[in-house]
Amino acid sequence: MGMRFFGLSAVLSLALAFGAPALARGAPDSFADLSAKLLPTVVNIATTQTLKANQKSPLPDLPPGSPLQDLFKNFLGPGSNLPRHVTSLGTGFIVDPSGLIVTNNHVVEGAEQIAVTLNDGTTLPAKLVGRDEKTDLALLRIHYRKPLPAAHFGDSDKARIGDWVIAIGNPFGLGSTVTAGIISARNRDIEAGPYDDFIQTDAPINKGNSGGPLFDTDGNVIGVNSAIFSPTGGSVGIGFAIPSDLVRDVIGQLRQYGAVRRGWVGVRIQSITGDIAEGMGLPSTAGALVADVTANGPAAKAGIRNGDVIVGFDGKKVSDSRALSRIAADTPIGKTVAVDLLRKGRKVTTRLTVERLNEGGAKPDKRPPDPNKIKSNYSQLGLTLSPLDADARAEFKLPGGVHGVVVTDVIPDSLAAVNNFQAGDVIVSVQSQPVHTPADFLKRVEADARAGRKVEILLVDRDGALTFVALRLS
């Protein structure tokens, strides 16, 4: 089907748009000449995989009442206990005359066989060179008897809101479909992955457009169509494309290594809300807040601490936590860079050597809440706390390296509940001051409340991950 779906009460599926030129220009009289030039660089992709017994294969999305619905139902037949083959469709585009093709990872994920159909109707088997789940990109290779026409990447940073773009793809299996629109927005975060930086377009794209190119009016690829926001599964004029500047780097690594090698800094970061900025005395919400530093990691070796705010990295401005994730991931492994920090109101610059990110790792199991063993209660905040003694460690499965006071209960609809506290969380510090008992916590919070502080910054250990939480005092 060449598309994924995301929540949000409406459906967010994968298969969409991006980009445009740097200089303002009038609307073209026609896209015919440009389309004729670009169509041979775009291919249709069909994948086949075997579904296990009783695993359902979804019907292709067709208009309501279409006679093809009955055809597909009859073809697929009723549910069966036997394994069966299913086919899905998507789009790709040639980036090298030797036969390298870019598409979305979700188009080819789990495929046992991949077939590519060229614009002239020739169908060829394709081999997966490499794929990257975090950016939803994949690289394929086909072998043809002669050099193939290839598309060229443009500079997505120069694409502006309002620029004209065209998308070419295979929506609903209708190959070589050309649509046009403009760039509607940039830097969209649709929570599809850790490096979201999508370009939004109103060029019509639908299921099957996934992995296809978004061209500017110079004929350069400025994005890979990857997702649509839609309550029905069809185009409503909100599509998203992966910027070409990101695509170029990922595809280059897939071509060279078969996988992506990302830079690693060794910090756990979070966004800065208005409450956190107020509670920490920060001038704005710009930057990435360091919630935890990995022992012996690059940041630890550079002297970066909990509570630091990273505002610059390798000469680039860090506007938020997402920006830092992207910048660090793109930094060459082994490069030593300057990191600009805000630390307790002071500007600090340190130097850090980037290491390679280990893409593996598993999250620990969630601890079951148990509201028993109540030792102290601060009802204004909605928290019930207990000392972190041997019994509490056993009850909530907390390792010996965790220190603080443990949350044993959270009052529904309280300030703590609104901030997603849960039983088993450990409050490590209040306003950068360590707390070891509920009395320490209460003493600190009550003193800050009397002093007129409106927001309390808590450092919380949850499932082994440290996070700053801004708790507004009532």
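The values are calculated or read from the model by the stated rules, or taken from the named source; none is laboratory data. Just so it is clear, the structure is predicted and the values come from calculations on it, not from any experiment. Heads up, the Cβs are rebuilt from the backbone with ideal geometry, glycines too, and the neighbour counts pull from every protein chain shown.
What to note about this one:
- Residues that are among the polar types (S, T, N, Q), within 19 Å of the chain's Cα centre (by Cα) and crowded, with 20+ Cβ neighbours inside 10 Å do occur in region 154-176, at least one of them.
- Qualifying residues in region 230-267 (those that are surrounded by fewer than 22 Cβ atoms within 10 Å (Cβ to Cβ), charged (D, E, K, R) and in contact with a strand residue (DSSP E or B) (Cβ under 9 Å, 6 or more places away or on another chain)) - the one farthest from Ile168 (Cα to Cα): Arg261
- The residue pairs whose first member lies in region 293-309 and is in the same structural domain as Ser321 (by TED's automatic domain parsing) and under 10 Å from Thr350 (Cα atoms), whose second member is modelled with pLDDT of 95 or more and of a type in the set (S, T, N, Q), and whose beta carbons are closer than 7 Å, counting only pairs six or more residues apart or on different chains, are Ala302/Thr350; Gly303/Thr350; Ile304/Thr350.
- Residues of region 232-267 satisfying the condition of being under 28 Å from Ile183 (Cα atoms), of a type in the set (Ser, Thr, Tyr) and assigned to a helix (DSSP H, G or I): Ser244
Table: residues versus (1) closer than 30 Å to Asp132 by Cα; (2) surrounded by fewer than 18 Cβ atoms within 10 Å (Cβ to Cβ); (3) out of contact with any Ser or Thr (no Cβ under 6 Å at 6 or more places or on another chain).
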{"position": "Lys301", "(1), (2), (3)": "yes, yes, yes"}
{"position": "Asp308", "(1), (2), (3)": "no, no, yes"}
{"position": "Lys316", "(1), (2), (3)": "yes, yes, yes"}
{"position": "Leu324", "(1), (2), (3)": "yes, no, yes"}
{"position": "Pro332", "(1), (2), (3)": "yes, yes, yes"}
{"position": "Gly345", "(1), (2), (3)": "no, yes, yes"}
{"position": "Val348", "(1), (2), (3)": "no, yes, yes"}
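- Among the residues of region 428-443, those identified as within 25 Å of Ala390 (Cβ to Cβ), of a type outside the set (A, V, I, L, M) and surrounded by fewer than 19 Cβ atoms within 10 Å (Cβ to Cβ) are Gln433, Pro434, His436, Thr437, Lys443.
- Residues (surrounded by fewer than 17 Cβ atoms within 10 Å (Cβ to Cβ) and either outside any loop (DSSP other than H, G, I, E, B) or among the β-branched types (Val, Ile, Thr) (or both)) located in region 417-427: Ala417, Val418
- Check on Thr122, among the β-branched types (Val, Ile, Thr) and in contact with a strand residue (DSSP E or B) (Cβ under 7 Å, 6 or more places away or on another chain): no
- Matching strands (runs of 3 or more DSSP E) fully within region 106-197 where at least 3 residues are of a type outside the set (Phe, Trp, Tyr) and farther than 25 Å from Leu39 by Cβ: 127-132, 177-188
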